[in-house]
Amino acid sequence: MDTRPIGVFDSGIGGLTVVKEIMEFLPNENIVYFGDTARVPYGTKSAETVTRYAFQNTRFLLTKDVKAIVVACNTASAVSLDALQESFDIPIIGVIKPGAFAAVKATLNKKIGIIGTEGTVNSRAYERVIRKLLPEAEIYAYPCPLFVPIVEEGWANTKVSYMVAEEYLKPLKDSNIDSLVMGCTHYPLLMKVVDDVLEHKVKLINPARETALELKNILTEKGIENSQNVAAQYEYYVSDNPEKFKKVGGNFLEHDIINIKKIDIEKY
């Protein structure tokens, strides 16, 4: 029995979609979450900058004696995961591979769509994994940068989100894809909007869910799962604006966020 917490980080609030899935599939696990709200979004920044941020975030979580880390950010997973895994002696997983595997498993016509931040789409990280698994796949990838601030503002499922989604998803409506990777941890909050705009014809892949399942497998394989049957403890840290995080983050998790602190991430 290993009661040490799981560490999770994201550029902001979106990684809470991964936390929510971890809570569902691993209800005994304690969690420490860091949201880099002072420096969100990561998707528009250079790979070098995102990697520097990812290392700072990881070093902070290690001060909390975490036993594994989930990079709950598609951009950081795309450009920084390999470097993190090589540099730290702890299980570290991202959201790219689990999402790609699920998309390949779901497709019937081998036409797969990907939406994400500019950083994630330009990295072609999802494409590389998908093509290893399904070389003949037809892949249609488009950045949807406004989706992140829409979700961060708490505007999911509003007229604004539908108008923006209609514009972003126009090319995908003509592509005949049958599966779509929601390639940003913010995007699961827009599942209904995207599903409506695509007229319920496309299987939407939520990498957050697939990542939680992979984490469960890793903990079991390494024998470090927490089998203690007591209420899990959750801690939240942000680099800016904890009050906004509490308000919008509570919508992500569907329950109140209580234990939250602001930190200076530049110290790490």
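Could you check Asp256 against (1) closer than 28 Å to Lys67 by Cβ; (2) among the acidic types (Asp, Glu); (3) in contact (Cβ under 8 Å) with a residue 60 or more places away in the chain and say which number it fails? The one condition Asp256 does not meet is (3). Look at (1) surrounded by 21 or more Cβ atoms within 10 Å (Cβ to Cβ); (2) at pLDDT 95 or above; (3) of a type in the set (Ser, Thr, Tyr); (4) in a helix (DSSP H, G or I) and you find that Tyr33 fails only one, number (4). One residue stands out in the stretch 215-268 among those that are assigned to a strand (DSSP E or B) and among the hydroxyl-bearing types (Ser, Thr, Tyr): the one that is farthest from Tyr53 (Cα to Cα), namely Tyr234.
Within the stretch 124-138, no residue that is assigned by TED's automatic domain parsing to the domain that holds Ala76 and in contact (Cβ under 8 Å) with a residue 24 or more places away in the chain sits with its Cβ atom under 7 Å from a residue that is assigned to a loop (DSSP other than H, G, I, E, B) and surrounded by 14 or more Cβ atoms within 10 Å (Cβ to Cβ) at 6+ positions apart or across chains.
Within the stretch 81-103, restricting attention to residues that are hydrophobic (A, V, I, L, M, F, W, C) and over 17 Å from the mean Cα position of the chain (by Cα), the residue that is nearest to Arg124 (Cα to Cα) is Ala83. If you check Glu221 against the conditions, is it over 26 Å from Ser123 (Cα atoms), of a type outside the set (S, T, N, Q) and under 18 Å from the mean Cα position of the chain (by Cα)? Criteria not met by Glu221. Which one is farthest from Gly183 (Cα to Cα) among residues in the stretch 128-161 that are assigned to a helix (DSSP H, G or I) and over 17 Å from the mean Cα position of the chain (by Cα)? Only one residue fits best here, namely Lys159. A single entry from Arg52, Arg59, Arg39 fulfils the requirement of being at pLDDT below 95 and surrounded by fewer than 21 Cβ atoms within 10 Å (Cβ to Cβ): Arg39. Annotation note: of Ile22, Ile69, Ile13, the sole residue that is in a loop (DSSP other than H, G, I, E, B) and either closer than 18 Å to Asp89 by Cα or touching a helix residue (DSSP H, G or I) at 6+ places or on another chain (Cβ under 6 Å) (or both) is Ile13. Evaluate the following for Ala100: is it modelled with pLDDT of 95 or more, assigned to a helix (DSSP H, G or I) and either hydrophobic (A, V, I, L, M, F, W, C) or in contact with a strand residue (DSSP E or B) (Cβ under 6 Å, 6 or more places away or on another chain) (or both)? The answer is yes for Ala100. Among the residues of the stretch 225-251, those identified as loosely packed, with under 15 Cβ neighbours inside 10 Å and of a type in the set (A, V, I, L, M, F, W, C) are Val230, Ala231. Apart from one condition, Gly15 fits all of (1) modelled with pLDDT of 95 or more; (2) under 18 Å from Pro145 (Cα atoms); the exception is (1). Selection of the stretch 36-49 for residues being of a type in the set (A, V, I, L, M, F, W, C) and assigned to a loop (DSSP other than H, G, I, E, B) yields Ala38, Val40.
The values are calculated or read from the model by the stated rules, or taken from the named source; none is laboratory data. Computed from a predicted structure; not experimentally measured. Every residue, glycine as well, gets a Cβ built from its backbone with ideal geometry; the counts of neighbours run over all protein chains shown.
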